[in-house]
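Below you'll find the structure, written out as structure tokens, and then a few comments.
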Amino acid sequence: MESDRAELSALSTSLEDVTARVTTVADRYQGSPERSDIADGLYEVERSLRTAVRKLDRVLRTMR
């Protein structure tokens, strides 16, 4: 359905925004010797989100 495609497309955009925001916070902790664990964890979240966006985009392409 077209409404499903539109909703999933909006979710993809939201995930991209969340990913950018997570990266911004991770970058602030990068190089901080006492809290590099936070940066590492956030970069792991970023990778997972990017994987989710790619998978969702593949689904969207099959819906055309």
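The values are calculated or read from the model by the stated rules, or taken from the named source; none is laboratory data. In this text the structure is predicted, and so the values were computed from the model without any measurement. Cβ sites come from the backbone with ideal geometry, for glycine too, and all protein chains shown count toward neighbours. Quick note on the areas: whole protein, heavy atoms, side chains included, nothing else; ligands and nucleic acids left out. Shrake-Rupley method; radii C 1.70, N 1.55, O 1.52, S 1.80 Å.
Quick one: is residue 10 open to solvent by less than 60 Å² (accessible area, probe 1.4 Å) and in contact (Cβ under 8 Å) with a residue 12 or more places away in the chain?
no
Return the residues of the range 26-35 that are assigned to a helix (DSSP H, G or I) and open to solvent by less than 50 Å² (accessible area, probe 1.4 Å); say none if nothing qualifies. Even if it seems obvious, please write down each step before you answer.
To start, the set of residues in the range 26-35 that are assigned to a helix (DSSP H, G or I) comprises 26-29.
Within the range 26-35, 26 is the sole residue that qualifies.
Say we look at the range 13-25 and pick out the residues that are without any contact (Cβ under 8 Å) to a residue 24 or more places away in the chain and open to solvent by 40 Å² or more (accessible area, probe 1.4 Å); which of these is farthest from residue 60 (Cα to Cα)?
Top of the filtered list is 25.
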